[in-house]
Amino acid sequence: MQVRDVMTREVVTVGPDTSAKYAAEVMADRGFAALPVVDGDGVLIGIVAEADVLRDRLPADPRLHLRRTPVPEAPPALLVRGVMTTSVRTVPATADVADVARLFVDARLRSAPVLGGERLVGIISRRDLLRTLVRPDGEIRADLLRLVEGYTSEPGGWEVQVSDGVATVHRSGVVTVDPGEREALDSAVSTLARTVPGVVAVRVLTDVPGSPGSATPE
């Protein structure tokens, strides 16, 4: 499954000369963790996150501190260009969502801009990834069955069950599969299954359940 299959395509962006306070309002009102920053040509030049606009913007209440907090010599930056991060972690639209999930966990990111070539085409967040995990099993089953039947050109020749995202696929009826072809077919069907949003594991049986065959989780 690729990033472009689950990313948010309608991206709210800000410019470098946008008010930092306005950027904060957008994130608070829309529930965004960050906003991409683009220049006049629409090229990604940075990202502004919640932490960027929080930094140095909440002065300490002197009534709540025994020691007087030094008053800053200058107000915080008022424009996005003064608070944004210019070193941006981006992901290509064709990236595997599994790789993005690992990136989010390892780098503790909440979202990342998505690029198609050099152009900003979307944004992907932890929430987008979580949505794939909560797809109804019925929707997952319908997508997977359509893919398998289309690939094998055998409408009605396959059974698919999905429970909590775990898919079990096997042939329907009494069908003999040549042992030399079984491994390749297992692999192809398993690969197809892992492209379906919401599938978390796959068990493939090329023989009718109850007959000799393999059923290995992947």
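The values are calculated or read from the model by the stated rules, or taken from the named source; none is laboratory data. Please read all numbers here as calculations on a predicted model, not as lab measurements. Note that we place each Cβ from the backbone using ideal geometry, even for glycine, and neighbour counts take in every protein chain shown.
Remarks
- In segment 9-32, the residues that are among the basic types (Lys, Arg) form Cβ pairs under 6 Å with partners that are surrounded by 14 or more Cβ atoms within 10 Å (Cβ to Cβ), at six or more places apart or across chains, as follows: Arg9/Gly122.
- Verdict on Ser87 being modelled with pLDDT of 85 or more and in contact with a Lys or Arg (Cβ under 8 Å, 6 or more places away or on another chain): no
- Candidate set: segment 1-59, residues that are part of a helix (DSSP H, G or I) and of a type in the set (Lys, Arg); chosen: the one farthest from Glu118 (Cα to Cα): Lys21
- The listed residues are Leu109, Leu147, Leu120, Leu130, and the only one of them that is more than 17 Å from Val202 (Cβ to Cβ) and either part of a helix (DSSP H, G or I) or assigned by TED's automatic domain parsing to the domain that holds Asp164 (or both) turns out to be Leu130.
- Filtered residues of segment 82-118 (kept if surrounded by fewer than 13 Cβ atoms within 10 Å (Cβ to Cβ) and of a type in the set (D, E, K, R)): Asp99, Arg102, Asp106, Arg108, Glu118
- Single residue of Ala49, Ala20 found to be over 30 Å from Leu147 (Cα atoms), surrounded by 19 or more Cβ atoms within 10 Å (Cβ to Cβ) and at pLDDT 90 or above: Ala20
- Taken over segment 162-193, residues that are assigned to a loop (DSSP other than H, G, I, E, B) and either modelled with pLDDT under 90 or crowded, with 16+ Cβ neighbours inside 10 Å (or both) amount to 8.
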